[in-house]
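Since the structure comes first, as structure tokens, the remarks are kept for the end.
The values are calculated or read from the model by the stated rules, or taken from the named source; none is laboratory data. The model shown is predicted, which means the values in this text are computed figures rather than measured ones. In this analysis, Cβ positions are derived from the backbone assuming ideal geometry, glycine residues included, and neighbour counts consider all displayed protein chains.
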Amino acid sequence: MLSSMKKFFKEGSKDLKRIYKLVEEVNRLEGKYERYSDLELSGMKDRFKSILDAGDNILDIQAEAFAVVREASKRVLNLRHHDVQLAGGFVLIEGGIAQMNTGEGRHLSLLCLAIYMHCTEMVCIL
């Protein structure tokens, strides 16, 4: 999983382990959001907004938000974010640079994950 990420991080580095954990968390949440109705899934943006309005950091909700975006993408675009795309999205959200090879779904990562997280009002774009 995520072997291309090892080019940019030392094997076993704290950053790489943290990204792996975030991707694993999204994967664990996938089943939960598959059971949500479209209305419930769409309502998550209001939940995220209230969490952020309460003073939490955007990084506190990133795994859950990525899981919601992944599920919305599966339903609307018939495309599922792969682990490497999630990892690239996490790097972007944290202000890093994510290099992905041709065919790894850069557009899906950038357009869905990063934009959803950085919408100032957390308005769902899907």
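Looking only at region 21-44, count every residue that is in a helix (DSSP H, G or I), more than 12 Å from the chain's Cα centre (by Cα) and not basic (K, R) and tell me the total. The qualifying residues number 10.
If the condition is being at pLDDT below 75 and assigned to a helix (DSSP H, G or I), then region 91-114 contributes R106, H107, L108, S109, L110, L111, A114. Given the conditions (1) outside any helix (DSSP H, G or I); (2) in contact (Cβ under 8 Å) with a residue 60 or more places away in the chain; (3) closer than 16 Å to A114 by Cβ; (4) not aromatic (F, W, Y), and given that L86 satisfies all but one, which numbered condition is not satisfied? Of everything listed in (1) outside any helix (DSSP H, G or I); (2) in contact (Cβ under 8 Å) with a residue 60 or more places away in the chain; (3) closer than 16 Å to A114 by Cβ; (4) not aromatic (F, W, Y), L86 misses just condition (1). If you go through region 45-73 and pick out every residue that is surrounded by 14 or more Cβ atoms within 10 Å (Cβ to Cβ), within 11 Å of the chain's Cα centre (by Cα) and closer than 14 Å to F90 by Cβ, you end up with 9.
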